[in-house]
1. What residues of the range 334-358 lie in the reach of a label at GLU90, counting those whose backbone N is under 18 Å from a point 7 Å from the Cα along Cα→Cβ?
2. Quick check on my link table: of LYS267/LYS364; LYS100/LYS364; LYS206/LYS323; LYS116/LYS183; LYS68/LYS206; LYS100/LYS267, which ones sit more than 26 Å apart, alpha carbon to alpha carbon?
3. Would you mind working out the magnitude of the charge dipole of the chain relative to its Cα centre, with +1 at each Lys and Arg C-beta and -1 at each Asp and Glu C-beta, to the nearest 20 Debye?
4. Cα centroid distance between the range 219-270 and the range 302-360, in Å?
5. Placing +1 at every Lys and Arg Cβ and -1 at every Asp and Glu Cβ, with all other atoms neutral, what dipole size does the range 135-249 have around its Cα centre, in debye to the nearest 20?
6. I'd like the FRET efficiency for ASP322 and GLU65, computed as 1/(1 + (r/R0)^6) with the beta carbon distance as r and R0 of 45 Å, rounded to 0.05.
7. Once the convex hull of the alpha carbons of the range 195-313 is built, what does its volume come to per residue, in cubic angstrom?
8. Could you identify which residue out of ALA144, ALA102, ALA215 has the top mean-square fluctuation in a GNM of the chain using Cα springs shorter than 10 Å?
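The values are calculated or read from the model by the stated rules, or taken from the named source; none is laboratory data. What you see is a predicted model; the values in this text were computed from it and never measured. Here the Cβ positions follow ideal geometry from the backbone for every residue, glycine too, while neighbour counts run over all protein chains shown. To get the accessible areas, we keep the full protein, side chains included, count just its heavy atoms, and leave off ligands, DNA and RNA. Shrake-Rupley method; radii C 1.70, N 1.55, O 1.52, S 1.80 Å.
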Amino acid sequence: MHIIARRAAKSIDSPVLSSLCTSRLTGSRRLCTMANHSPEQVFNKPKVELHVHLDGAIRVQTILEVAKRRGISLPANTVKEMTPLIIVREPATLSKFLGKFAEYMHVVAGDREAIKRIAFEFVEDKAKEGVIYVEVRYSPHLLANTQVDPIQWNQEEGDLSPDEVVRLVNEGLREGERAFDIKARSILCCMRHMPSWSMNVVELCKKYRDEGVVAIDLAGDESLNCEANSEHRQAYEEAERCGIHRTVHAGEVGPPTVVKEAVEVLKAERVGHGYRTLEDQVLYRNLLAQDMHFEVCPISSKLTGACDSDFTKHPVITFRKDKANYSLNTDDPLIFNSSLHDDYSIAHQFMGFTEEEFKRLNIKSAESCFLPEEEKRKLLDKLYDAYGMTQSTAF
Ligand SMILES: O=c1[nH]cnc2c1ncn2[C@@H]1O[C@H](CO)[C@@H](O)[C@H]1O
């Protein structure tokens, strides 16, 4: 099998793989040993990532440096001491996981330099993982300290608006693209518990659609609000009216009705996670027939408690068997202490993914990305080329 490229890689000693594998809740020992000691990297080829949160993908070192510069005291001063305070090691709940953002968001929120920096460094980190196209998402309101009600993370009112946050992230991503030769676009998140922000989110999507913002998302705790509030619905209606692309976190921990609503009411073109779709076979078959894209995040789904902690029972195995349209993504690599290589390794080692399937899912990801058609075509050509395929031999 040619799937494994022999190369020294970060994933070799990946803390997440060893912690996931030594967990009593995970699969077999043989696979664990392989994950811990294998000097090999799964699928060392260009990749596309569609579901990753900017504020869940910050470097711990950056958090420490920004805190120091701003005179913000943290409970730890080194990466080694700070990391355990931020990460989730064992399967928890989505609500508990979301609480982890409070450990560090106050450090970067409201700070222009930090926001631009995290966007730039994000692109560098993705380039190192072999990602050639990424769509990164965040809530501008969670990083602002004015023109947002309520101001988050106990910040004092300042002068950084959600609008300026978007401009700063755009700049950081653009500089990252130039420096690391990959393409990065962004998705702006509405938050389930903050419907009053949503119209502003869609307005920002419209304003910055020519500067790298490609879509709107609805994130946050689906377990608390199963039905989208009318303000979210209005924002999505406006997005559709203006041709802004749409994705929605749905069926991660919420029931299949959330997925149905996302697709039928919010007119989502992709589903964030979507695991619980499988509980409604009629809905699932319909979505398969529509070639709906599922943004799957394996490690995340275990640590948020969204899926069974045994990876050999993961819904993406069914997606693969059914030749569904899905991507593999990290979601929040900071909090899961993971990398995209780790997610691919899990898919390979516990779910039997082959090189053929990795190629197929990356091509489906590119087809489902929110780039304009011509740019999408170029991205697809790059992948076909890197995978030694012509379009006629495509899946
Ligand atoms: O897996 C997830 N499910 C739902 N919401 C999430 C997940 N990961 C992050 N966020 C939420 O999205 C916000 C904007 O990036 C994050 O601040 C977090 O609250």
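1. The answer is 336-337, whose backbone nitrogens lie closer than 18 Å to the label point.
2. LYS100/LYS364; LYS206/LYS323; LYS68/LYS206; LYS100/LYS267
3. Details: 51 positive and 60 negative charges, 246 e Å.
Its charge dipole is roughly 1180 debye.
4. First find each Cα centre; the distance between them is then 23 Å.
5. 420
6. Efficiency for this residue pair is about 0.45.
7. On the way: hull volume 13.1 nm³, N = 119.
Value for the range 195-313: 110 Å³ per residue.
8. With Cα springs under 10 Å in the chain, the top fluctuation among ALA144, ALA102, ALA215 is at ALA102.
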